Amino acid sequence: MTTHDFQSSLIALKRRFLAGLPERAAEIASLTGALSKSGPCPLQLRQLHLASHKLAGISATYGLAQLGEVARHTETCLEACLTQAPTDQYLRKVLQTADLLRQELNRVIYTDSFAQMP
């Protein structure tokens with residue numbers, strides 16, 4: 001594989017990642033909406049944790065350090081919530097943190113996605 005082929009592959013992967021961000025934002029919005037309605041559901045908390053974990057892990061690879069940092073912060077907040085009985089106060093913190101992640105996703109979707117593509 002030549003350098004050009006590698007760069008082309010990386011660009012294609014980044015485009016696919018960016019194209020999938022609206023779906024990820026919708027998933028996070030759906031989970032936080034359900035949690036705010038029904039309270040701390042362990043399954044929804046785990047799903048939100050997994051979604052933030054995936055974003056935290058891959059974002060920096062594609063040059064989206066800020067998104068990765070916000071996702072990592074959300075992931076860390078959720079880890080604490082999953083290891084102990086979540087209180088209403090802690091659930092509010094999780095929801096606020098997840099909302100910041102959703103906002104950062106939307107920022108990337110509507111601004112950075114176009115600016116970062118060659």
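Among the residues making up the stretch 54-66, those that are assigned to a helix (DSSP H, G or I) and surrounded by fewer than 15 Cβ atoms within 10 Å (Cβ to Cβ) are K54, G57, T61, A65, Q66.
Set side by side, the residues A34, A26 differ, and just one is assigned to a helix (DSSP H, G or I), without any contact (Cβ under 8 Å) to a residue 12 or more places away in the chain and surrounded by 14 or more Cβ atoms within 10 Å (Cβ to Cβ), which is A34. Among the residues that make up the stretch 83-96, is at least one of them modelled with pLDDT of 95 or more, buried (at least 21 other Cβ atoms within 10 Å of the Cβ) and in contact with a Ser or Thr (Cβ under 9 Å, 6 or more places away or on another chain)? No: zero hits.
Going through (1) modelled with pLDDT of 95 or more; (2) touching a Gly at 6+ places or on another chain (Cβ under 9 Å) one by one, T61 falls short only on (1). Select from the stretch 37-53 the residues that are on the phi < 0 side of the Ramachandran plot and either outside any helix (DSSP H, G or I) or surrounded by 16 or more Cβ atoms within 10 Å (Cβ to Cβ) (or both) and list them in ascending order. Within the stretch 37-53, P40, C41, Q44, L45, Q47, L48, H49, A51, S52, H53 meet the criteria.
Would you pick out the residues in the stretch 67-83 that are part of a helix (DSSP H, G or I) and over 11 Å from the mean Cα position of the chain (by Cα)? Can you show your working first?
Going through the stretch 67-83, the residues part of a helix (DSSP H, G or I) turn out to be 67-82.
Residues satisfying the conditions are T76, C77, L78, E79, A80, C81, L82.
When only residues in the stretch 1-54 that are of a type in the set (V, I, T) and more than 17 Å from the chain's Cα centre (by Cα) count, which is farthest from E75 (Cα to Cα)? Lay out the reasoning, then the answer.
Taking the stretch 1-54 and keeping what is of a type in the set (V, I, T), we get 2-3, 11, 28, 32.
If we keep only those that are more than 17 Å from the chain's Cα centre (by Cα) as well, we get 2-3, 11.
Details: T2: 37, T3: 35, I11: 27 Å.
Only one residue fits best here, namely T2.
All conditions but one from (1) part of a helix (DSSP H, G or I); (2) touching a helix residue (DSSP H, G or I) at 6+ places or on another chain (Cβ under 9 Å); (3) at pLDDT below 90 apply to F17; the one that does not is (3).
The values are calculated or read from the model by the stated rules, or taken from the named source; none is laboratory data. Computed from a prediction, not measured in an experiment: that's the story for all the values here. No Cβ is skipped: glycine too gets one built from the backbone with ideal geometry, and neighbour counts run over all protein chains shown.
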